[in-house]
Amino acid sequence: MEPGSSGDGSGQGAAAPHPTGRQRLAAGLWPPRATRAQLTVAVLLFVLGLGLAVQVRSHSDSGALRGARQEDLVRILDELDNRTQRLEDEKQDLVDQRTGLENSSDQAEEARKQTREKEQQLGILAGTTAAEGPGITLTVHDARHTVAADMLLDTVQELRAAGAEAIQVNGVRVVADTDFTGTEGHIEVDGRAVTQPYRFTAIGRPQDLEPALNIPGGVVQTLEKEQATATVTGSEKVVVGALRPAKQPGYARSSSP
């Protein structure tokens with residue numbers, strides 16, 4: 001039996017081999033032993049990385065035109081120019097329509113205004129509209145009943161020639177076809193009896209009407225020869241309020257189409 005061997009064959013054998021450096025590194029990494037702080041940092045890093053990835057992708061999408069070809073950019077610019085021009089044209093059309101409506105409204109209002117003014121003018125001439133304005137009042141006292149109807153008619157004609165625009169005698173409106181009839185002291189104007197004092201109210205320029213009645217050989221002097229008294233008073237405002245009903249022409253018709 002060789003020296004150093006046990007008698008029963010169960011003697012100690014050779015010592016176990018020492019682990020290598022790689023084996024010690026692997027044993028330290030696996031299974032992983034992570035602390036709570038390390039897990040928290042890992043989650044934060046993951047979230048941060050995800051946010052950066054989304055931001056980069058967004059910038060890439062918004063800058064898509066940077067990589068477009070030159071002809072594509074020209075086409076896009078042309079389309080934008082055309083759309084801008086169409087919008088400008090639509091805007092101008094709307095402005096033109098508004099201007100047209102405003103002008104149309106103004107013209108219609110002006111036409112209505114002129115129609116109203118013309119109606120008032122014709123109403124004054126026809127005696128269907130009351131009138132007021134500067135003028136004169138002629139008062140004739142005929143105590144002796146010497147004033148004839150034709151003298152009153154001459155007075156009206158003298159006033160018209162001097163520019164009177166509206167006249168009434170006592171309560172009767174004088175118009176184009178007014179007639180004076182009757183005898184001294186019993187005079188009728190358009191069939192209505194008028195008694196003295198005869199009061200003429202006329203609208204017109206007082207500086208023209210008053211001298212026309214007072215000229216030598218005129219109305220006032222003629223009446224005074226008949227022993228009547230005539231007084232002319234000018235005023236900045238007189239009222240011709242007597243009205244006549246509108247009269248429909250029996251034969252005359254408008255020649256306008």
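Structure above, values below:
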{"item": "Among (1) small (Gly, Ala, Ser); (2) in the same structural domain as Thr155 (by TED's automatic domain parsing); (3) free of Cβ contacts under 8 Å to residues at least 40 places away in the same chain, the one test that Ala212 misses", "result": "(3)"}
{"item": "Test set (1) closer than 19 Å to Thr139 by Cβ; (2) in contact (Cβ under 8 Å) with a residue 24 or more places away in the chain - Glu224 fails condition number", "result": "(2)"}
{"item": "Lone unmet requirement of (1) farther than 14 Å from Val240 by Cβ; (2) of a type in the set (S, T, N, Q); (3) out of contact with any helix residue (DSSP H, G or I) (no Cβ under 6 Å at 6 or more places or on another chain) for Thr155", "result": "(3)"}
{"item": "Helices (runs of 4 or more DSSP H) contained entirely in region 138-236, each with at least 1 residues that are of a type in the set (Val, Ile, Thr) and loosely packed, with under 15 Cβ neighbours inside 10 Å", "result": "none"}
{"item": "Test: Glu117 is among the charged types (D, E, K, R), closer than 27 Å to Glu236 by Cβ and buried (at least 16 other Cβ atoms within 10 Å of the Cβ)", "result": "no"}
{"item": "Candidate set: region 159-183, residues that are within 23 Å of Asp208 (Cβ to Cβ) and among the small types (Gly, Ala, Ser); chosen: the one nearest to the chain's Cα centre (by Cα)", "result": "Ala166"}
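The values are calculated or read from the model by the stated rules, or taken from the named source; none is laboratory data. Predicted model, so just to flag it, every value in this text is computed and none were measured. Every residue, glycine among them, receives a Cβ derived from its backbone with ideal geometry; neighbour counts consider all protein chains shown.
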